[in-house]
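Engineer: One structure, as structure tokens, below. Some questions next.
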Amino acid sequence: MKRPQFPFRAVLCAAVPALIMSTLSAQHRPDGFNYDESRVPEYTLPDPLRLENGDAVEDPRAWSEKRRPELMELFREHVYGRQPAAPEGMRFEIRSEDTEALGGKATRREITVRFAEGRDDPSMEILLYVPNGADGPVPAFLGLNFFGNHTAHADPGITLSTRWMRSNRSMGVVDNRATEASRGVRADRWPVETIIDRGYALATIYCGDLVPDRADGLEADSAVTAYFREKEGRNERGKDEWGAIAAWAWGLSRALDYFETADAVDAARVSVLGHSRLGKTALWAGAEDERFAIVISNNSGCGGAALSRRRFGETVRRINTNFPHWFCLNFRDYNDDEDALPVDQHQLIALAAPRPVYVASATEDLWADPKGEFLSAKHAEPVYRLLGLDGLGVDELPAPNTPVGHTIGYHLREGGHSITEYDWEQYLNFADRHLR
Ligand code: GCU
């Protein structure tokens, strides 16, 4: 990829209104990191089709019975941590339902998922919209959100989250609590009506229901991680204990457990997706849980779709330092030592196989390393080919706004770090191709 082209930046600084500048500076690009393709170090990627003992993986059976389980163990042990099985006493309670939501085109349902018996035990809230008038169970998109379910749509019937969240005036969060002002503030990231009109259900969950997104979040009273640590009689965080990303991913699987019990959504046609840290989460959810039909990563970057060995934009040290709760403790062993990692992120993409997987980047989102995300998709291709499937089908990073791919999809959207209507449009088209 060419270097980012901002020769006009100085001109802009002098001439354009403050609004445009604030959009530009909103591009997260901390100093002291590499954004220069010519300075990407040489690296050798671990081969997705070679067992740790050196044997080649030559047929689909060797992939699914040997190499895939081996890679899962490596990612659990060194990157995301190990997660518990679904809790025995888990219960689903319908908290609210409106069959005439969105002007009558959808049914809105809120479901409380209780992970254990007591009312104070950890739980999460699913917000679900299902199109009305479908012939049978519909395919769905499922993803976590950053600031509460009520931010996804201005629909006044959505319960305002009472959980801890990061204070943020523009999101209407004051003193770590959501206020009425936060209703619908993220509606631009969740084109609910479009999704419904295309015949899909949409479900979302606040990630902070599972683990609050802060350095000590894993220990928070409400966190599923704290609950299981106590239940399993551990006081300290184990080196391969699940971090927040794995716990969030686990929550997505519990939502899928719910869909298996409910008839409105076709649980065999659920696409799991997420943006940024929640895109890393969607990829890991898709790896851990093969019931997800499609896996979609939007601008997930380091620890998501981007190759760690490229050290372009965010690095392993930086992510482990800024977000000490996201990955397992063992991942810190690879701070400044990415080449020692037994895996790299193309193998995470390959863990979606044979299911369709989509990776999306944005031109200005250099922190997430668009080219590294593309290369991950590319280097996952041999696994798809071994399984008799088309992979990505192109060798070079495509031009902006030019979606490519077959069973592996990819696009580089023009613009910054976000999930937009354009991105959703591609995911809907991809799902139409694979699920209809
Ligand atoms: C930070 C972080 C990224 C992450 C992003 C997000 O920029 O460094 O790894 O993807 O936040 O979740 O928005």
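The values are calculated or read from the model by the stated rules, or taken from the named source; none is laboratory data. These numbers were taken from a predicted model, which means no experiment stands behind them. Positions of Cβ are generated from backbone atoms using ideal geometry, with glycine treated the same way; all protein chains shown enter the neighbour counts.
Engineer: Does at least one position in the range 329-337 carry a residue that is at pLDDT 95 or above, touching a strand residue (DSSP E or B) at 6+ places or on another chain (Cβ under 8 Å) and not in a loop (DSSP other than H, G, I, E, B)?
Structural biologist: Yes, the range 329-337 contains a residue that is at pLDDT 95 or above, touching a strand residue (DSSP E or B) at 6+ places or on another chain (Cβ under 8 Å) and not in a loop (DSSP other than H, G, I, E, B).
Every residue, every condition in (1) more than 30 Å from Pro69 (Cβ to Cβ); (2) in contact (Cβ under 8 Å) with a residue 12 or more places away in the chain, yes or no:
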position: Ala340; (1), (2): no, no
position: Leu375; (1), (2): no, yes
position: Pro382; (1), (2): no, yes
position: Leu387; (1), (2): no, yes
position: Glu396; (1), (2): yes, no
position: Tyr410; (1), (2): no, yes
position: Trp424; (1), (2): yes, yes
position: His434; (1), (2): no, yes
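Engineer: Within the range 390-405, can one find any residue that is in contact with an Asp or Glu (Cβ under 6 Å, 6 or more places away or on another chain), modelled with pLDDT of 95 or more and more than 27 Å from Pro60 (Cα to Cα)?
Structural biologist: yes
Engineer: If the requirement is being of a type outside the set (A, V, I, L, M), away from the ligand (no atom under 15 Å from the Cβ) and out of contact with any Ser or Thr (no Cβ under 7 Å at 6 or more places or on another chain), which of these qualifies: Pro382, Pro324?
Structural biologist: Selected residue: Pro382, the only one of Pro382, Pro324 that is of a type outside the set (A, V, I, L, M), away from the ligand (no atom under 15 Å from the Cβ) and out of contact with any Ser or Thr (no Cβ under 7 Å at 6 or more places or on another chain).
Okay, residues lined up against (1) surrounded by 18 or more Cβ atoms within 10 Å (Cβ to Cβ); (2) closer than 19 Å to Asp188 by Cα; (3) in contact with a Phe, Trp or Tyr (Cβ under 8 Å, 6 or more places away or on another chain):
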site	(1), (2), (3)
Asp369	yes, no, yes
Ala377	yes, no, yes
Ala380	yes, no, no
Gly388	no, no, no
Gly393	no, no, no
Gly409	yes, no, yes
His417	yes, yes, yes
Arg433	no, no, no
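Engineer: Another one. For the range 148-161, does any single residue satisfy the condition of being part of a loop (DSSP other than H, G, I, E, B), free of Cβ contacts under 8 Å to residues at least 40 places away in the same chain, out of contact with any Ser or Thr (no Cβ under 8 Å at 6 or more places or on another chain) and among the β-branched types (Val, Ile, Thr)?
Structural biologist: no
Engineer: Could you tell me which of the residues Arg3, Arg9, Arg91, Arg67 is at pLDDT 95 or above, among the basic types (Lys, Arg), out of contact with any Pro (no Cβ under 8 Å at 6 or more places or on another chain) and on the phi < 0 side of the Ramachandran plot?
Structural biologist: Result: Arg91 is the single residue among Arg3, Arg9, Arg91, Arg67 that is at pLDDT 95 or above, among the basic types (Lys, Arg), out of contact with any Pro (no Cβ under 8 Å at 6 or more places or on another chain) and on the phi < 0 side of the Ramachandran plot.
Engineer: To continue, here is another question. Please work out which residue is nearest to the ligand (Cβ to nearest atom), limiting yourself to the range 241-287 and to residues that are within 25 Å of Glu425 (Cβ to Cβ), buried (at least 24 other Cβ atoms within 10 Å of the Cβ) and small (Gly, Ala, Ser).
Structural biologist: Checked the range 241-287; the qualifying residue nearest to the ligand (Cβ to nearest atom) is Gly279.
Engineer: Given the conditions (1) away from the ligand (no atom under 16 Å from the Cβ); (2) more than 25 Å from Val270 (Cβ to Cβ); (3) in a helix (DSSP H, G or I), which single one is not true for Val343?
Structural biologist: (3) is the only condition that Val343 fails.
Engineer: Could you list, in sequence order, the residues of the range 320-367 that are among the small types (Gly, Ala, Ser) and crowded, with 19+ Cβ neighbours inside 10 Å?
Structural biologist: Ala350, Ala352, Ala353, Ala360, Ser361, Ala362
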